[in-house]
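Read the structure below first, then the notes.
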Amino acid sequence: MIGVLPSGRSRLICIAALAVAGLGLGAATFVDSRIAVTRETAPDAALSLSPHDPDALALKSDLLLAKTADGLGMTETVQAARLAVAARPINARALRVLGMLAQARGNDAEGDRDLALAARASRRDLGVQLWQIERAIAANNVPAVLQNYDVALRTNVASAPLLYPILTAALDEPEIQVQFAPYIRQNPPWLAAMLNHAVTNSKNPAAILSTISIAGRLPDGSAFRNIENRLIVQLAGARQYNAARNLYLRLRDADAAVPTDVRLTKSTVDPRFSPMTWQAIYSGGVGGELTPSADDASYQLHLVAEDRQSGPAAQKLLYLTNGAYRLSWRQTALAANIGATIAMDLSCIADKTATVAWQHTTAVLPKSEHHTESVVVLASCPVQLFSVRINGGEGGESSEVSLDHFVLERLPG
């Protein structure tokens, strides 16, 4: 179930502080403009100008509640809230403060009555919204919980830092995924920001994908396309490789051949879908860059390493079925130090500990060479990482190499 806040006194103070954080400027028109300006920032100053101003009294009670370390025995807070209600009986903020104080004293019936009145007076008071959420949680009413979350997120920007993490964690539960899916279809104003938070912070990104799958797809728009692309990265980072592939294959620009293709084509080098596609790596004078060939239909992997430097240059996820393969490519040296090398390996990464299934190292020679190697993939290796590294050798200059014409063919048998 979705949880919201701690229990007891700490819960009271937490709600109070959040409610104050969500305060907005009032919409009413007042005779004295000085009161309108100071009411929301300095209620005492506003009260010195208008001692019975209901909004200033309500805000004062809110601020006193938020600043108090104990939710009990706050005479001044109660007095300010009651004066605010006396000045304006339908005063959501003041009624909410009275209701919270009553609940802190153990008088739930009185507290619920005041909070229910506050809810009828305003849908925009954040403290009231949090109370409604908790009441729905207590009743184990998931649709009502999410409906109240929707209202809070639509009307109070201040609720996002609290509610986004709770929603993100709740999506781990299949029941919540089913109930949340309609909000993806409806695309409320807060959805993109919430999913962006979820993709960035979830410890179980596969749960986010499951929720999206139940909904059918994410809404249109670049923000949601970016969320999908980042979710691929998060799924791979969490070793949820099958989920990453499944998401990629659902995307509108996906190429079904990419998960098993090592060629350098527009589809396999599309940076939006890395690491399903080729990912060039560059750091500290060592790395790679993907550049289009003269025909603009294929690409080259340009590698460079400074003198006596080595490191990764490129990598790509693969989902090869078990069997024997032939890997071929062309290697063209543009500049080579003595001892410069290119190393390739295919690692099994389905388990927590990666194991090398195949590796090959070639010297960087001052000419163009075609290479062909045999690769065997075992059934115990359903997901692979194909990596390319460069060693710059020694000679005082940088080594530069171009790789292209990658082809991986499955052999009969």
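At a glance:
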{"read-out": "Whole-percent carbon and sulfur share, accessible surface of segment 359-413, 1.4 Å", "value": "51 percent"}
{"read-out": "Shape parameters for segment 125-187, alpha-carbon atoms, Rg then Dmax in Å", "value": "11.1, 30"}
{"read-out": "Length released on extending from Ser328 to Asp307, taking residue separation times 0.36 nm less the Cα-Cα span", "value": "4.8 nm"}
{"read-out": "Estimated FRET transfer efficiency (Arg410, Tyr282; beta-carbon r; R0 25 Å; 0.05)", "value": "0.20"}
{"read-out": "Net charge of neighbours whose Cβ lies under 12 Å from the Cβ of Glu397, counting Lys and Arg as +1 and Asp and Glu as -1", "value": "-3"}
{"read-out": "Solvent-accessible area per residue for segment 270-364 (1.4 angstrom probe, square angstrom)", "value": "45 Å²"}
{"read-out": "Charge tally in the Cβ shell below 12 Å around Leu317, where Lys, Arg are +1 and Asp, Glu are -1, Leu317 excluded", "value": "+2"}
{"read-out": "Accessible surface of segment 244-303, 1.4 Å probe, proportion on carbon and sulfur as whole %", "value": "46 percent"}
{"read-out": "Mean separation of Cα contacts under 8 Å, 6 or more apart, over the residue count of segment 316-397: relative contact order %", "value": "49 percent"}
{"read-out": "Estimated FRET transfer efficiency when R0 is 45 angstrom, pair Asn246-Glu369 (beta carbons, to 0.05)", "value": "0.70"}
{"read-out": "Simple label model, 7 Å out from Cα along Cβ direction - Ser213 to Ala350, nm", "value": "1.7 nm"}
{"read-out": "Over segment 293-402, volume per residue of the alpha carbon convex hull, in Å³", "value": "107 Å³"}
{"read-out": "Contour minus Cα-Cα distance for Asn140 and Ser380 (0.36 nm per residue)", "value": "82.0 nm"}
{"read-out": "Segment Ala193-Thr321, extension gain: residue separation times 0.36 nm, minus the distance between their alpha carbons", "value": "42.3 nm"}
{"read-out": "Relative compactness, segment 164-203, computed as alpha-carbon Rg over 2.2 N^0.38 Å", "value": "1.08"}
{"read-out": "Proximal charge balance of Gln359 [Cβ under 14 Å; K/R count +1, D/E count -1]", "value": "-1"}
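The values are calculated or read from the model by the stated rules, or taken from the named source; none is laboratory data. Given the structure is predicted, the values throughout are model-derived calculations rather than measurements. Please note: Cβ atoms are built from the backbone with ideal geometry, for glycine as well, and neighbour counts cover all protein chains shown. Remember, those area values only see protein heavy atoms, side chains included, never the ligands or the DNA or RNA. Shrake-Rupley method; radii C 1.70, N 1.55, O 1.52, S 1.80 Å.
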